[in-house]
């Protein structure tokens, strides 16, 4: 039961208790008083809270390295390998290769709003999940030679991204990025 559901249940119980005190009791009616078993949502442990901070650090570092890489795709970008691995790193590398071949650079910066939605420290490798509302408004691909904007047909500028992050050799790294461009956030 979520905290909101518990709050609603307590409000209903309080309202029923107050209302029943305002009316005379009838012996011919059975009283039904809802009971609520309070449930608590466990607070994250110190280890989970610390991990969540480090997970966000890894995600924002990966996004910053991605912005630098797309701004100069012809240059080597080893800093990407410090915060991205697996499918996330492969996807960025493939986009860099495409941009390099097409003479495209990306100007500006995206806006991100990441939040950690899960941290699992019970099994190794440790894992975490991030939900982000990725906003590419102000982050535009252009032709490097002319600065002419490159149109991206029918692509949303704001869309949700789910990132899978895992611990690799003592470092949190973004392993997978799943962007859902079919809906806004």
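The values are calculated or read from the model by the stated rules, or taken from the named source; none is laboratory data. Every value quoted in this text rests on a predicted model; they were computed, and no experiment measured them. Methodologically, a virtual Cβ is constructed for each residue, glycine included, from the backbone with ideal geometry; neighbour enumeration extends over all protein chains shown.
Does residue 18 count as surrounded by fewer than 12 Cβ atoms within 10 Å (Cβ to Cβ), out of contact with any strand residue (DSSP E or B) (no Cβ under 9 Å at 6 or more places or on another chain), at pLDDT below 95 and not in a loop (DSSP other than H, G, I, E, B)? When the stated conditions are applied, residue 18 passes them.
Residues checked against (1) closer than 23 Å to residue 68 by Cα; (2) modelled with pLDDT under 95; (3) surrounded by 18 or more Cβ atoms within 10 Å (Cβ to Cβ):
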position	(1), (2), (3)
151	yes, yes, no
157	yes, yes, no
162	yes, no, no
167	no, no, yes
174	yes, no, yes
181	yes, yes, no
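For the range 113-136, the set of residues classified as touching a strand residue (DSSP E or B) at 6+ places or on another chain (Cβ under 7 Å), in a loop (DSSP other than H, G, I, E, B) and surrounded by fewer than 16 Cβ atoms within 10 Å (Cβ to Cβ) consists of 113, 125, listed by residue number. Report whether or not residue 96 is closer than 23 Å to residue 141 by Cβ, modelled with pLDDT of 85 or more and surrounded by 12 or more Cβ atoms within 10 Å (Cβ to Cβ). For residue 96, the condition - closer than 23 Å to residue 141 by Cβ, modelled with pLDDT of 85 or more and surrounded by 12 or more Cβ atoms within 10 Å (Cβ to Cβ) - is met.
Residues considered: 34, 27, 44, 76. Of these, the only one that is out of contact with any helix residue (DSSP H, G or I) (no Cβ under 6 Å at 6 or more places or on another chain) and at pLDDT below 50 is 27.
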